[in-house]
Each structure stands twice: as C-alpha cells, then as structure tokens.
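Q: Got a structure for you, questions after.
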Amino acid sequence: KPETLTAAVKRGLPGVRRLVWSENAAKRLKVLNPPAHKVPMMRHVAISCGYRTAITGSPRAGALLIPQFCLGLRPGEALSRQREDIIPPRADVHNENAVIALGRKRGAKAGRPQFVVVRADEDPVAIWIVSAFARTTRPGCRLTSLTYNAHNILLARTCRDLGIGDPNYSPHSPRAGWATAHHLNGMSFQEIQERGRW
C-alpha cells in the first residue's frame with residue numbers, strides 16, 4: 001500500500017531509504033488514474049465521416065480523418081503535420097511506401113522523434129490521401145488548419161448529419177478504432193503497441 005511504503009521511507013526502512021526516488025514514487029502511487037477508454041471508430045464509420053466532412057465544406061479535415069484511422073494517428077499527430085513531414089512527397093500508390101515523421105522539431109508524445117510507415121500493400125487509400133496532401137500543401141504549411149476543438153465539433157456535427165446519433169466519438173476515436181480493428185484481425189498486443197507508438 002502506498003501509505004505503508006511512505007511510512008517505511010520516513011522510518012528509514014533498510015534498503016528503501018537508499019533509493020533516491022523512493023519517497024517521490026510512493027507519493028505518486030497515491031494518485032489514481034482510472035483508464036479513460038475512447039469509443040472506437042471503425043473503418044466504415046471513419047470513411048463515411050471523412051467523406052461527409054469533405055463534401056460539406058471541409059475537404060482537408062475530412063480527408064485527414066481517413067489516414068488518421070488507417071495509421072492510428074493521435075489527433076495532435078494528425079493535426080500538426082506539415083508538408084515536410086511526409087517522405088517521399090509523391091509516393092506511388094501501387095508499390096511505394098511513405099513515411100510520416102512525428103515530432104521532428106519538438107519531439108513526439110514519447111519525447112523523441114517517431115515515424116509512421118504508410119504501407120502501400122496494406123492501405124492504398126491511406127497512401128493515396130497522404131500523397132495528395134503532400135502534393136497540395138505548400139512547404140512550411142500544416143496539412144490542415146483545424147484545431148483539436150474544431151475537429152471535435154466537426155466530428156460531432158458530421159455524426160449528427162449522418163444520423164449516427166451520439167456515439168460519444170472524440171478525435172481519439174479513429175486511433176482507438178485502428179487498434180481495435182488490428183486486434184480483431186489477430187495482431188498481437190505487442191505489435192499493436194509498437195506500431196501505435198504506445
């Protein structure tokens with residue numbers, strides 16, 4: 001129990017006192033963070049929402065939703081990408097993979113640069129959209145000017161327009177759907193964890 005460990009540290013229990021970080025670790029054990037699971041948005045919903053968003057006035061936001069699902073991108077990763085983050089800028093849909101660099105300048109959530117491989121053989125739709133973004137985005141510019149809050153509002157409006165109701169989707173739902181779909185297709189938790197950068 002955290003209280004017992006903290007008391008042991010204060011009493012100077014042999015072996016515990018010598019660990020420089022032990023008291024801080026014991027204090028942090030008291031903080032409970034219940035898991036906050038997001039409602040998974042599966043492929044057909046992501047494509048429907050992306051298409052609907054694109055044809056109702058936000059083409060880049062709608063288009064970005066599809067590779068977000070296909071690649072398991074966090075909302076911040078998708079929304080903050082710039083033209084230079086896509087390598088090569090014009091991948092061949094049929095046989096050439098592409099790479100999306102995450103955290104080139106400031107580091108990703110993990111605190112270091114990371115990369116997502118867009119596999120032509122796995123998802124030609126994703127590589128086609130990523131290549132289209134690279135071709136149509138000016139150097140130094142983001143793929144979309146959408147903010148997280150605007151993305152959230154747009155997603156809720158699109159779900160209402162499609163008659164989906166209120167499934168409680170969030171901008172994290174495509175990533176949760178990506179992981180769920182891979183799990184249902186038999187991918188191991190370890191590989192999902194590695195490819196999803198958890």
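The values are calculated or read from the model by the stated rules, or taken from the named source; none is laboratory data. What you are looking at is a predicted structure, and each value in this text was computed from that prediction instead of being measured. Here Cβ is always computed from backbone atoms with ideal geometry, including for glycine, and neighbour counts include all displayed protein chains. SASA here: full protein model, heavy atoms, side chains in, ligands and nucleic acids out. Shrake-Rupley method; radii C 1.70, N 1.55, O 1.52, S 1.80 Å.
Q: Could you please find all residues in segment 165-198 being part of a loop (DSSP other than H, G, I, E, B) and surrounded by fewer than 16 Cβ atoms within 10 Å (Cβ to Cβ)? Walk me through it before giving the result.
A: Let us first name the residues in segment 165-198 that are part of a loop (DSSP other than H, G, I, E, B), namely 165-172, 185-188, 196-198.
The answer is Gly165, Asp166, Pro167, Asn168, Asn185, Gly186, Met187, Ser188, Trp198.
Q: So, one more: Could you tell me whether any residue of segment 76-84 is closer than 14 Å to Leu155 by Cβ, in contact with a strand residue (DSSP E or B) (Cβ under 9 Å, 6 or more places away or on another chain), at pLDDT 90 or above and of a type outside the set (Gly, Ala, Ser)?
A: So far as segment 76-84 goes, yes, one or more of its residues are closer than 14 Å to Leu155 by Cβ, in contact with a strand residue (DSSP E or B) (Cβ under 9 Å, 6 or more places away or on another chain), at pLDDT 90 or above and of a type outside the set (Gly, Ala, Ser).
Q: Give just the number: which of (1) outside any helix (DSSP H, G or I); (2) farther than 20 Å from Arg81 by Cβ; (3) in contact (Cβ under 8 Å) with a residue 24 or more places away in the chain; (4) not hydrophobic (A, V, I, L, M, F, W, C) does Thr144 not satisfy?
A: All conditions are met except number (2).
Let's see how each residue does on (1) modelled with pLDDT under 90; (2) within 22 Å of the chain's Cα centre (by Cα):
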site	(1), (2)
Glu23	yes, no
Pro34	yes, yes
His37	yes, yes
Leu73	no, yes
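Q: Also: Would you say Gly103 is modelled with pLDDT of 95 or more and either under 14 Å from the mean Cα position of the chain (by Cα) or open to solvent by 80 Å² or more (accessible area, probe 1.4 Å) (or both)?
A: On the way: modelled with pLDDT of 95 or more: no; either under 14 Å from the mean Cα position of the chain (by Cα) or open to solvent by 80 Å² or more (accessible area, probe 1.4 Å) (or both): yes.
For Gly103, the condition - modelled with pLDDT of 95 or more and either under 14 Å from the mean Cα position of the chain (by Cα) or open to solvent by 80 Å² or more (accessible area, probe 1.4 Å) (or both) - is not met.
Q: Taking the criterion of being without any contact (Cβ under 8 Å) to a residue 40 or more places away in the chain and hydrophobic (A, V, I, L, M, F, W, C), would at least one residue in segment 155-168 satisfy it?
A: So in segment 155-168, the residues without any contact (Cβ under 8 Å) to a residue 40 or more places away in the chain come out as 156-157, 160, 163, 165-166.
Next, from what is left, pick out any that are hydrophobic (A, V, I, L, M, F, W, C): 156.
Yes: one or more hits.
Q: Now for a separate question. Could you list, in sequence order, the residues of segment 130-164 that are surrounded by 19 or more Cβ atoms within 10 Å (Cβ to Cβ) and β-branched (Val, Ile, Thr)?
A: Within segment 130-164, Val130, Thr137, Thr144, Thr158 qualify.
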